[in-house]
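A short worksheet on the structure shown next.
The values are calculated or read from the model by the stated rules, or taken from the named source; none is laboratory data. The structure displayed is predicted, hence computed values, not measured ones. Cβ atoms come from the backbone with ideal geometry, glycine included; neighbour counts cover every protein chain shown.
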Amino acid sequence: MMIKGNFPLDQFKTLPTPFYYYDVALLQKTLDTVKTELSKYGYLLHYAVKANTNPRILSIIAGYGFGADCVSGGEIQAALKAGIPSSKIVFAGVGKADWEINLGLDNDIACFNVESLTELEVINALAEAKNKTAMVALRVNPNVDAHTHVKITTGLQENKFGINLGLLDNVIDEMLIMKSIRFFGIHFHIGSQITDFSAFRELCICFNELQDKLEARGLSVEHVNFGGGLGIDYYHPNHLSIPEFESYFALFHKLVNQRLGQQIHFELGRSIVGQCGSLISKVLYVKKGVAKQFAILDAGFTDLIRPAMYGAYHRPENITSDEPCETYDIVGPICESSDVFCEGVEVNKVRRYDLIAFRSAGAYAEIMASQYNCRPLPGSHFSQ
């Protein structure tokens with residue numbers, strides 16, 4: 001028999017589908033675990049807001065005292081509205097618009113993670129116009145392979161993100177003569193959904209070498225931000241609902257040559273919210289073909305785009321059936337051939353109006369939803 005998550009089916013049967021369902025207790029357990037592991041080493045966390053900006057999710061995270069990693073002005077506004085202090089907000093992204101930079105300056109955010117010399121020049125000019133000093137960290141592209149999907153790899157030399165190591169000295173030379181810039185530290189982010197810890201080991205080695213070179217030219221690194229990227233287990237959400245935070249932070253503690261007084265930051269998103277969310281959808285039809293059968297749902301890639309965009313897997317569970325498993329292609333109603341959640345998967349026998357839960361949808365599901373085909377956005381519901 002397929003092991004499935006625990007869902008309040010009586011409540012679900014009264015709710016219009018599709019919708020996102022969040023297990024608040026699991027989110028809190030995850031946050032408790034993260035806080036415990038961070039406290040062992042005095043590390044700091046900025047939640048990667050792009051993973052999920054649901055107001056209740058953000059307010060719960062804010063209640064734990066964590067900061068925010070934002071990649072747009074809208075995310076800065078969402079973080080502030082949720083109660084995250086501006087002094088704990090860092091702002092990354094390769095294409096910061098003037099209004100977004102001004103928003104950060106006006107709110108005295110902790111740091112701009114700068115990705116190019118031209119961006120540094122713009123921030124300096126905008127800060128000077130306001131008679132302010134902008135705190136900046138240089139986002140370095142370390143040319144480290146994250147061993148993850150090509151569309152979520154960000155630390156290789158050919159990626160658009162960050163400053164290549166070979167250009168860093170020139171950027172630093174220019175930065176040091178800018179009057180409205182203060183060097184905050186170094187920032188990295190090599191990719192997302194990383195499960196091969198060798199990538200993090202390479203990152204630590206790269207930072208240690210870089211730090212020695214910077215100190216040799218008289219530049220101390222007060223803060224180092226290693227980004228995020230820790231993956232979750234999409235195949236076993238019921239057994240492995242809490243990611244490997246203990247091993248993750250312990251690796252950095254072991255390998256990083258941390259200087260006295262130096263603060264180490266992280267920007268985790270998916271690993272915090274990914275497992276607490278599910279997309280709940282209703283079966284509209286069971287369609288039998290010549291060689292396969294389809295379970296056609298009322299949710300589509302407008303509600304969970306990762307399978308269509310990345311070929312990603314989200315474990316499907318028929319939460320209203322305990323009949324023997326059968327094999328299905330589970331698809332949505334969108335007028336696109338790519339609107340397929342999974343092919344040839346086994347779930348408990350499907351009938352019209354059954355409810356299918358796609359697990360591990362707390363990250364990059366609700367936040368990436370669209371209204372293609374003029375479809376309404378799904379609602380969200382919580383366990384308490």
With the checklist (1) crowded, with 22+ Cβ neighbours inside 10 Å; (2) on the phi > 0 side of the Ramachandran plot; (3) not hydroxyl-bearing (Ser, Thr, Tyr) in hand, flag the one item Gly344 doesn't pass.
(1)
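Restricting the stretch 13-55 to residues that are of a type in the set (Val, Ile, Thr) and in a loop (DSSP other than H, G, I, E, B), which is surrounded by the fewest Cβ atoms within 10 Å (Cβ to Cβ)? Reasoning before the result, please.
To start, the set of residues in the stretch 13-55 that are of a type in the set (Val, Ile, Thr) comprises 14, 17, 24, 30, 33-34, 36, 49, 53.
Imposing the further condition that a residue be in a loop (DSSP other than H, G, I, E, B) reduces the set to 14, 17, 53.
Details: Thr14: 6, Thr17: 21, Thr53: 18.
My answer is Thr14.
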Here is a list of conditions, (1) under 30 Å from Gly67 (Cα atoms); (2) out of contact with any Pro (no Cβ under 8 Å at 6 or more places or on another chain); (3) assigned to a loop (DSSP other than H, G, I, E, B); (4) not assigned by TED's automatic domain parsing to the domain that holds Ala137, and Asp303 meets all of them except one; can you say which number that is?
(2)
Scan the stretch 302-331 for residues that are closer than 13 Å to Asn348 by Cβ, in contact with a Gly (Cβ under 7 Å, 6 or more places away or on another chain) and crowded, with 17+ Cβ neighbours inside 10 Å and report the count.
1
Ile181, sole failed condition from (1) in contact (Cβ under 8 Å) with a residue 60 or more places away in the chain; (2) within 23 Å of the chain's Cα centre (by Cα); (3) more than 24 Å from Gly274 (Cα to Cα):
(2)
Can you pull out every residue in the stretch 248-265 that is basic (Lys, Arg) and either assigned to a loop (DSSP other than H, G, I, E, B) or within 12 Å of Phe226 (Cα to Cα) (or both)?
Arg259
Quick test of your reading of the structure: Ser281 fulfils all but one of (1) in contact with a strand residue (DSSP E or B) (Cβ under 7 Å, 6 or more places away or on another chain); (2) assigned to a helix (DSSP H, G or I); (3) among the hydroxyl-bearing types (Ser, Thr, Tyr). Name the failing condition by number.
(2)
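In the stretch 71-88, what residues are free of Cβ contacts under 8 Å to residues at least 24 places away in the same chain and either outside any helix (DSSP H, G or I) or farther than 24 Å from Leu304 by Cα (or both)? If you could, list the steps in order and put the result at the bottom.
Kept after step one, since they are free of Cβ contacts under 8 Å to residues at least 24 places away in the same chain, are these residues of the stretch 71-88: 71, 74, 85, 87.
Listed by number, the residues that qualify are Val71, Pro85, Ser87.
Taking Met135 as the residue in question, decide whether it is modelled with pLDDT of 95 or more, in a loop (DSSP other than H, G, I, E, B) and not aromatic (Phe, Trp, Tyr). Step through it out loud before you land on a result.
Values: modelled with pLDDT of 95 or more: yes; in a loop (DSSP other than H, G, I, E, B): no; not aromatic (Phe, Trp, Tyr): yes.
In short, no.
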Go through (1) hydrophobic (A, V, I, L, M, F, W, C); (2) within 17 Å of Glu317 (Cβ to Cβ); (3) under 16 Å from the mean Cα position of the chain (by Cα) one by one and return the number of the condition Leu27 breaks.
(2)
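Could we say that Val224 is in contact (Cβ under 8 Å) with a residue 40 or more places away in the chain and closer than 25 Å to Glu115 by Cβ here? Can you show your working first?
Working: in contact (Cβ under 8 Å) with a residue 40 or more places away in the chain: yes; closer than 25 Å to Glu115 by Cβ: yes.
Yes; evaluated as a whole, the condition is true for this residue.
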Could you please find all residues in the stretch 97-124 being farther than 18 Å from Phe161 by Cβ and of a type outside the set (Gly, Ala, Ser)?
Asp98, Trp99, Asn102, Leu103, Leu105, Asp106, Asn107, Asp108, Ile109, Glu121, Asn124
When the stretch 368-381 is examined, which residues are found to be within 20 Å of the chain's Cα centre (by Cα) and surrounded by fewer than 16 Cβ atoms within 10 Å (Cβ to Cβ)?
Ser370
